[in-house]
Every structure is written in C-alpha cells, then in structure tokens.
1. Being more than 23 Å from residue 184 (Cα to Cα) and either away from the ligand (no atom under 16 Å from the Cβ) or buried (at least 17 other Cβ atoms within 10 Å of the Cβ) (or both) is the filter here; which residues of region 1-15 pass it?
2. Among 18, 53, which is the only one that is more than 16 Å from the ligand (Cβ to nearest atom), free of Cβ contacts under 8 Å to residues at least 24 places away in the same chain and out of contact with any helix residue (DSSP H, G or I) (no Cβ under 7 Å at 6 or more places or on another chain)?
3. Just wondering, is there one or more residues in region 145-155 that are outside any helix (DSSP H, G or I) and modelled with pLDDT under 95?
4. Among the residues of region 161-203, which ones are crowded, with 18+ Cβ neighbours inside 10 Å, near the ligand (Cβ under 10 Å from one of its atoms) and closer than 26 Å to residue 141 by Cα?
5. State yes or no: is residue 167 out of contact with any helix residue (DSSP H, G or I) (no Cβ under 9 Å at 6 or more places or on another chain) and either at pLDDT below 95 or assigned to a loop (DSSP other than H, G, I, E, B) (or both)?
6. Do we have any residue at all in region 64-86 that's modelled with pLDDT of 90 or more, out of contact with any strand residue (DSSP E or B) (no Cβ under 7 Å at 6 or more places or on another chain) and within 16 Å of the ligand (Cβ to nearest atom)?
7. Tell me which of these residue 60 doesn't satisfy, since it passes every other one: (1) away from the ligand (no atom under 11 Å from the Cβ); (2) part of a strand (DSSP E or B).
8. Restricted to region 21-34, and to residues that are in contact with a helix residue (DSSP H, G or I) (Cβ under 9 Å, 6 or more places away or on another chain) and assigned to a strand (DSSP E or B), which residue is surrounded by the most Cβ atoms within 10 Å (Cβ to Cβ)?
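The values are calculated or read from the model by the stated rules, or taken from the named source; none is laboratory data. All values reported here derive from a predicted model rather than from experimental measurement. Using ideal geometry, Cβ is built from the backbone for each residue, glycine included, and neighbour counts are taken over all protein chains shown.
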Ligand code: V4E
C-alpha cells in the first residue's frame, strides 16, 4: 500500500502558536537527523525525488504527478492546491531500490538491503544533513497533523499534513488541510519555503539555482 503525503507549509506566527498552545493538543515532541542522498550529478533531486535516511529509516518521496507530466499552475487551480504539495512516500527498502535504480540505471541485481555498500555501488552520496526538533499538535475534530519544526541550521517552519493511501481522495485531504489552516488563521496567499529549500539555498546555491531553473523548487 502506497502512502501519499498531502502537505501545506506555513510560517508559525505568535498568534498561531498561541492558538495551538491554547486549543491544540500536543501529541508529541521528537528530534531526528535527516541525511539526504543523491548521485554527484543529482539525478534524483533533478527529478523531484528525495531519498533520505531519517535516523535509521529510509524513505523516498516523489511527486504524485510525475515531473514530466506536470502542467504549469493555471488560474483554475484552487488556492489550496496551489499552496499544498502531494508526494508519494515509500519506506520499503526493496521498493526504494527499484525506484532509484529506475532513475539511475543501476545494473546490479539481487540486492535486497539498502545498506551503505549499495549506496556507494550506485554512487549515492549524502548531500544534506540536518537535525530537526519537531512538536506535533492536533486540533479537536480535525485529522490533520500540525508539525512545528525547528531545524538546527536556524530555520523554523510549520506543516499541516495528512497521510492518505494511494487512490484515496486527495481533494478531500486538501479540504481538510484548508479547514485546519483557517482555524489557525492562516491565509492561502502565502507560500512558504521548506527546510530543504533553505538548506540548499545556503549550502549548495548552485544546485538550488538549478532546481529553481527546472521548476522543481520555487523561490
Ligand atoms: C518533497 C521535498 C523534499 C523532501 C522533504 O520533504 P518535506 O515534507 O518538506 O520534509 P519534512 O522533513 O517535513 O518531512 P516529513 O517529516 O513531513 O515527512 S525537499 C523538497 N521537496 C519538494 C517540495 C517542494 N517542491 N515544495 C514544497 C513546499 N515542499 C516540498
């Protein structure tokens, strides 16, 4: 079963924080280290594929709508959809390997574990590494998870997130995210940079510029 992450990022103002502390339920606080991997030529991220190891767990995120079939955002698109993103998430190592191999044309077969030897064989190297402290909240009657992230390189961002299974109604998830956003007093006109945008801009500006130029990331 494939998971789809429907997500909207936001800047957490003092008002939003107050609202969360008063009406939200703090469901957890955690700290994790993310390491992102790609080939030296960035074959994965230039296709909007993000391979990461969070603590000891591997995860691959790639768009629900493949980069090749993407249309420019039109005026017809709802504001909610314009500020939200949909990515498939896979966590099974054999599936991750198959998908990655599709892209970087590894010819090896019979590898079943995404260990460090597999990484070096297909020339995957860590290009970004940071630690996040995350506080997670929920609002009464809402299924959307609200994360407040503080990354160790000095960037804070909020995320509204719903996980659905592939084939489930993305539109309904977008509407739930929108409803939670309204309850938090967020407006749809604001597009917010994710942690990776900011990390790349600061640490790998050339690759960041390339991702902007091919419309994988937006400034
Ligand atoms: C999908 C993606 C990246 C991978 C990191 O994804 P994200 O959900 O931003 O990270 P995080 O740490 O919050 O993961 P979670 O704990 O929720 O699983 S890096 C860039 N992208 C693409 C992307 C994009 N183009 N635009 C926006 C607004 N977000 C992500």
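1. In the first step, residues of region 1-15 are kept if they are more than 23 Å from residue 184 (Cα to Cα); the result is 1-4.
Listed by number, the residues that qualify are 1, 4.
2. Working: 53 fails: more than 16 Å from the ligand (Cβ to nearest atom).
Going through 18, 53 in turn, the sole match is 18.
3. Within region 145-155, not a single residue is outside any helix (DSSP H, G or I) and modelled with pLDDT under 95.
4. 161
5. Answer is yes for this residue.
6. no
7. Going through (1) away from the ligand (no atom under 11 Å from the Cβ); (2) part of a strand (DSSP E or B) one by one, residue 60 breaks only (1).
8. Out of the qualifying residues, it is 34.
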